[in-house]
Amino acid sequence: MKDGFRFGTGETILVIGLGRSGLACIEVLRELGVTVFATDDQPRERIRDAVSAAEALGARFFEAAGVDAVVSRLGSAVLSPGVPPTSPVARRLYDANVPVLGEIELAYRLCKAPIVAVTGTKGKSTTTALIGHLLRGCGLTVRVGGNIGNPLIKEVRGASADSWIVAEVSSFQLETIRAFKPRVAVLLNISPDHLDRYHSMDEYAEAKYRIGANQALTDFFVGNLDDPMVSMLHWRRGDTRLQARQLWFSLRGDDEATMYVRNGVLTYAPVAGDPRPIAIMPAGEIPLLGEHNRENAMAALLAALAIGCRPEALRAAMATFVPMSHRLEVVADVDGVRYVDDSKATNPAAVVAALHAYDRPIVLIAGGRSKGSNFEALGAEIRHRVKALIVIGESAAALRASAGEVEAVEAFSMEEAVQHARRLARDGDVVLLSPGCASFDMFSSADDRGERFAAAVAALREPAGA
């Protein structure tokens with residue numbers, strides 16, 4: 001199989017999957033003069049808008065069953081993140097000896113700028129956005145993209161060698177890398193997620209570990225020393241798969257950590273030069289709620305320090321960071337009750353982290369489409385920390401069963417869920433939308449779910465009959 005990918009006039013490439021990343025790949029490849037074919041596992045009539053967009057960009061669409069007609073003409077193919085490498089179209093291409101790469105691999109091969117890449121089960125988007133903010137605060141030119149919402153392929157186009165790309169990458173995207181080699185790789189945590197796609201936690205973890213697979217001694221790997229599945233990569237544990245220089249963060253103050261919390265202060269232990277610890281900033285200055293966000297902040301700070309940012313500049317930049325939407329976002333205070341949108345919490349571990357962010361009674365709204373998750377650990381936290389539970393979506397029964405004796409009620413719309421929450425909450429309580437599941441059974445996206453929650457909360461303020 002050839003690996004000499006070329007992206008220009010005279011090349012013919014098949015783009016598989018017409019989601020946002022697939023369409024972005026078509027746009028960039030057409031700009032480069034590539035002849036582009038496109039396909040999707042859904043029939044044309046179900047994705048008419050996407051097909052129209054692809055054709056408007058200059059691609060020719062084939063339904064999956066018709067791809068055989070063009071296989072002999074292909075130099076390579078690009079697989080969108082939502083399409084598994086085991087899909088029928090991908091298998092057909094492997095059998096025909098057609099090289100297949102993913103969107104972030106394509107982006108990497110076109111990119112002139114060094115890359116900071118972030119992955120993990122939870123906290124990826126917040127950490128990615130925070131790194132971008134910190135680097136800008138230190139005077140660097142930065143573009144942020146990837147799984148955070150805007151395809152990486154569009155961000156790398158035109159980026160110069162003296163700028164930086166900060167990319168959120170998912171396990172799905174890492175499955176298809178070949179040469180992808182970030183200057184700084186960040187692995188935040190690994191907990192059960194996407195087990196409807198992976199056969200085991202080990203398989204899921206191996207996908208995450210690929211973020212550092214191609215790194216060299218001139219690169220940096222930033223990892224969470226408190227996470228057992230991440231810390232096993234530490235060189236002192238005898239693992240040899242990481243060749244990059246390792247930087248570790250820990251809330252426990254572990255003596256193997258490069259950054260830790262000492263007397264309430266985030267403290268950096270330099271890995272070169274003067275070894276004396278450097279106080280970066282008080283943990284109380286982090287503009288994000290929850291212990292998990294202290295971990296995210298330490299990861300972001302280590303990534304920025306690795307590329308040469310000064311501690312004093314990082315502290316100033318941290319103070320001006322604005323938290324992202326749908327991540328422990330305060331929507332409103334109504335009648336003494338705080339309503340919080342954490343719609344981006346799409347796995348149980350993220351909900352557990354959100355529950356730990358509050359020290360007052362919680363009315364939790366949770367549920368949706370499970371990603372193969374087990375709710376046992378979440379159920380234990382609900383029984384310990386939640387005053388009342390409102391369940392929604394396909395996972396309603398499983399979540400309700402996990403809650404034991406906690407008062408629970410099912411709602412069949414977000415508006416109904418918020419009305420139940422209003423009835424159950426009292427002055428000083430928190431109503432927390434933290435679903436722990438995907439949104440696609442009831443909503444078009446996690447953003448849509450959060451926006452519907454905010455609208456339902458806003459309606460509580462409207463006078464009756466208005």
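What to note about this one:
- Residues that are under 20 Å from Ala421 (Cβ atoms) and either of a type in the set (Gly, Ala, Ser) or in contact (Cβ under 8 Å) with a residue 12 or more places away in the chain (or both) within the stretch 357-374 comprise Ala357, Tyr358, Arg360, Pro361, Ile362, Val363, Leu364, Ile365, Ala366, Gly367, Gly368, listed in sequence order.
- Any pair with Cβ under 8 angstrom, 6 or more apart, that starts in the stretch 32-44 at a residue that is in the same structural domain as Arg92 (by TED's automatic domain parsing) and ends at one that is assigned to a strand (DSSP E or B) and small (Gly, Ala, Ser): none
- Residue match in the stretch 345-358 (condition: over 17 Å from Thr121 (Cα atoms), outside the structural domain of Leu140 (by TED's automatic domain parsing) and in contact with a strand residue (DSSP E or B) (Cβ under 6 Å, 6 or more places away or on another chain)): yes
- Given (1) in contact (Cβ under 8 Å) with a residue 60 or more places away in the chain; (2) in a strand (DSSP E or B), number of the condition Tyr260 does not satisfy: (1)
- Test set (1) more than 23 Å from Leu355 (Cβ to Cβ); (2) outside any loop (DSSP other than H, G, I, E, B); (3) out of contact with any Gly (no Cβ under 6 Å at 6 or more places or on another chain) - Val322 fails condition number: (2)
- Pairs where the first residue, in the stretch 174-190, is within 22 Å of Pro84 (Cβ to Cβ) and part of a loop (DSSP other than H, G, I, E, B) and the second is at pLDDT 95 or above and among the polar types (S, T, N, Q), C-beta under 7 Å, 6+ apart: Ala179/Asn214; Phe180/Asn214
- The set of residues from the stretch 276-311 being in a loop (DSSP other than H, G, I, E, B), surrounded by fewer than 19 Cβ atoms within 10 Å (Cβ to Cβ) and hydrophobic (A, V, I, L, M, F, W, C) comprises just one member, Ile307.
- Exclusive hit being among the aliphatic types (A, V, I, L, M), modelled with pLDDT under 95 and outside the structural domain of Lys371 (by TED's automatic domain parsing), set Leu242, Leu266: Leu242
- Qualifying residue in the stretch 352-368 (condition: surrounded by fewer than 17 Cβ atoms within 10 Å (Cβ to Cβ) and basic (Lys, Arg)): yes
Residues are listed down the side, and each one gets a yes or a no for (1) touching a residue at least 60 places away in the same chain (Cβ under 8 Å); (2) in contact with a helix residue (DSSP H, G or I) (Cβ under 7 Å, 6 or more places away or on another chain); (3) basic (Lys, Arg):
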site	(1), (2), (3)
Ala96	no, yes, no
Pro99	yes, no, no
Val116	yes, yes, no
Thr119	yes, yes, no
Lys124	yes, no, yes
Gly132	no, no, no
Leu135	yes, yes, no
Cys138	yes, yes, no
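- Flag if Ile104 is touching a Lys or Arg at 6+ places or on another chain (Cβ under 9 Å), on the phi < 0 side of the Ramachandran plot and crowded, with 17+ Cβ neighbours inside 10 Å: no
- Pair list, Cβ under 6 Å, 6 or more apart: the stretch 327-345 residue on the phi > 0 side of the Ramachandran plot, other residue assigned to a loop (DSSP other than H, G, I, E, B) and crowded, with 24+ Cβ neighbours inside 10 Å: Leu328/Asp342
- Residue ID - nearest to Met259 (Cα to Cα), chosen from residues in the stretch 312-330 that are among the aliphatic types (A, V, I, L, M) and buried (at least 19 other Cβ atoms within 10 Å of the Cβ): Leu314
- Gly145 being outside the structural domain of Thr346 (by TED's automatic domain parsing), out of contact with any Pro (no Cβ under 6 Å at 6 or more places or on another chain) and not in a strand (DSSP E or B): no
- Residues that are small (Gly, Ala, Ser) and in contact with a Lys or Arg (Cβ under 6 Å, 6 or more places away or on another chain) were ranked within the stretch 161-176; the one that is nearest to Asn214 (Cα to Cα) is Ser171.
- Lone qualifier among Arg197, Arg143 - being touching a residue at least 40 places away in the same chain (Cβ under 8 Å) and surrounded by fewer than 24 Cβ atoms within 10 Å (Cβ to Cβ): Arg197
- Test: residue in the stretch 46-60 that is touching a residue at least 40 places away in the same chain (Cβ under 8 Å) and closer than 17 Å to Pro151 by Cβ: yes
- Number of the condition not met by Leu14 [criteria: (1) modelled with pLDDT under 95; (2) at negative phi]: (1)
- Here Ala377 passes the criteria (1) assigned to a loop (DSSP other than H, G, I, E, B); (2) of a type outside the set (D, E, K, R); (3) within 25 Å of the chain's Cα centre (by Cα) except the one numbered (1).
The values are calculated or read from the model by the stated rules, or taken from the named source; none is laboratory data. Everything numeric here is computed off the predicted structure, so don't read it as measured data. Counting neighbours? That spans all protein chains shown, and the Cβs are built from the backbone with ideal geometry, glycine included.
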